[in-house]
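Q: Sharing a structure, written as structure tokens. Questions coming.
Just so it is clear, none of the values below were taken in a lab; they were calculated from the coordinates. What you see is a predicted model, and the numbers here were worked out from it, not measured in a lab. Using ideal geometry, Cβ is built from the backbone for each residue, glycine included, and neighbour counts are taken over all protein chains shown.
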Amino acid sequence: MGLLSRWFRAVPGQAKSRDLEPIDLSTFRYDFHSHLVPGVDDGAPDLDSAIEMIDGLVSLGYEGAVTTPHVMVGTYPNDRSTLTPPFEMLQAAVSERHPNFKLALGAEYFLDASILSDLRNGADLLAPGGRLLFELAFGAPPEEGLLKEFVFEAQVRGFQPVLAHIERYSYWHGELHRLKKLAELGVWFQVNAASLAGAYGREIQQVAETCIDSGWVHLLGTDAHGIRHIDALAVSRVKAAVHRLAKTARNSKLF
Ligand SMILES: [Fe+2]
């Protein structure tokens, strides 16, 4: 927990709510959001770092993970062809070390005109189980038309759009009705375990809890970029919101 304590100390205003007995995370079965493919984005820089995170997931009871490298024009020009070789290298190492641990290659698509056009053109998108994980910019809200068109195009093509770390878009913290509308459109929401553990401060934690209590959240994810996120996952086990989410999450219907 060393890293985590340092991380938490750096964040003011973390929650003081009453903790519960740690939940058995095997209930969730799979992690749906992680950056484990070595050297392709700002996640695991090498195989050892990826294995360290996977060791952590195994020890916390997880059966598998969808790893979701960033795809963003200019910054992370990833696609199936660039990601498959390092993913297969990781998978080979993992199957030797943890033969029962399942690993699937997904992606975290940044919402822009490029992914919308890829969708329309029937590009070979990385979306295990049909779940299409996408993220928004943190600094400014997305153009509403782009967001709606993306959701519509994903749905008509048979994908389930999943919005990554819904609690981290601070421009919507005062406008939760926008999240409600997105949920009503059929978008699934994923929350980060680290947010529920309080790693990003009280406000983000509260929004994550409100989304769970409103019934909008379908998936818990680590969004693991490094071992600090696995440590945060361990901390999140005592949080009441994680216990509540365990009753409704759909992490388990993946493989
Ligand atoms: Fe991510």
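Q: Where does the chain land at 222 nm, in deg cm²/dmol rounded to the nearest 500, when only DSSP H runs of n ≥ 4 count, each adding -39500 (n - 2.57), divided by all residues?
A: Per the formula, -12000 deg cm²/dmol.
Q: Still on this structure, I have one more. In whole Å, what is the distance between the alpha-carbon centres of segment 34-64 and segment 155-220?
A: Answer, in whole Å: 24.
Q: Let me ask you something else. What per residue convex hull volume, in Å³, do the alpha-carbon atoms of segment 120-229 yield?
A: Hull volume normalised by residue count: 113 Å³.
Q: How many Lys pairs in the chain lie less than 15 angstrom apart by Cα atoms, where the lysines are 8 or more positions apart or on different chains?
A: 5
Q: What residue among A104, V238, A50 has its Cα farthest toward the positive end of the dipole of the chain, where the charges are +1 on Lys, Arg and -1 on Asp, Glu, each on the Cβ?
A: About the Cα centre, the residue reaching furthest to the positive side is V238.
Q: Can you give the charge dipole size of the chain about its Cα centre, rounded to the nearest 20 debye, using +1 on the beta carbon of Lys and Arg and -1 on the beta carbon of Asp and Glu?
A: It comes to approximately 840 debye.
Q: Next question. Rg/Rh for segment 159-199: what does it come to with C-alpha atoms and Rh from Kirkwood? If you can, show how the numbers build up before the last one.
A: On the way: Rg = 10.8 Å, Rh = 10.9 Å.
For segment 159-199, the value is 0.99.
Q: Run through all the Cα pairs of segment 135-193 and give the fraction in each 5 Å bin from 0, expressed as whole percent.
A: 4, 18, 29, 31, 13, 5, 0
Q: Could you give the Stokes-Einstein D for the chain in µm² per second, using the C-alpha Kirkwood radius, 4 °C, 1.567 mPa s?
A: 71 µm²/s
Q: Would you list the P(r) distribution for segment 26-91, with all Cα-Cα distances sorted into 5 Å bins from 0 and each bin expressed as a whole %?
A: 4, 18, 28, 25, 14, 8, 3, 0
Q: Dipole magnitude of segment 13-122 about its Cα centre, charges +1 at Lys/Arg Cβ and -1 at Asp/Glu Cβ only, in debye to the nearest 20?
A: Computed about the Cα centre, the dipole is about 300 debye.
Q: Residues with amide H under 5 Å of L103's amide H, sequence separation 5 or more or different chain, H placed in the peptide plane at 1.01 Å from N; which?
A: Answer set, sorted by chain and number: A65.
Q: What Kirkwood hydrodynamic radius, in Å, does segment 21-63 give when the mean of 1/r is taken over all pairs of distinct Cα atoms and then inverted?
A: Across segment 21-63, the inverse of the average 1/r is 11.1 Å.
Q: For Cα pairs less than 8 Å apart in space and 6+ apart in sequence, what is the mean separation divided by the residue count of the chain, i.e. the relative contact order in percent?
A: Normalised by residue count, the contact order of the chain is 26 percent.
Q: Let me ask another. With the chain treated as a Gaussian network of Cα nodes joined by springs under 10 Å, which of D19, D223, D79 yields the largest mean-square fluctuation?
A: Checking each option, the largest mean-square fluctuation is seen for D19.
Q: Another question about this same structure. Identify which of S26, S117, S81 has the largest mean-square fluctuation in a Gaussian network model of the chain, with springs joining Cα atoms closer than 10 Å.
A: S81
Q: Of the residues G215, G74, G226, which exhibits the maximal mean-square fluctuation in a Gaussian network model of the chain defined by a 10 Å Cα contact cut-off?
A: Among G215, G74, G226, the largest GNM mean-square fluctuation belongs to G74.
Q: If I model segment 82-132 as equal point scatterers sitting on the Cα atoms and use the Debye formula, what is log10 I(q)/I(0) at q = 0.20, 0.23, 0.27, 0.31 Å⁻¹?
A: Here log10 of I(q) over I(0) equals -0.78, -0.91, -1.07, -1.20.
Q: Can you bin every Cα-Cα distance in segment 206-253 into 10 Å intervals starting at zero and give me the percent of pairs per bin, rounded to whole numbers?
A: 25, 55, 20, 0
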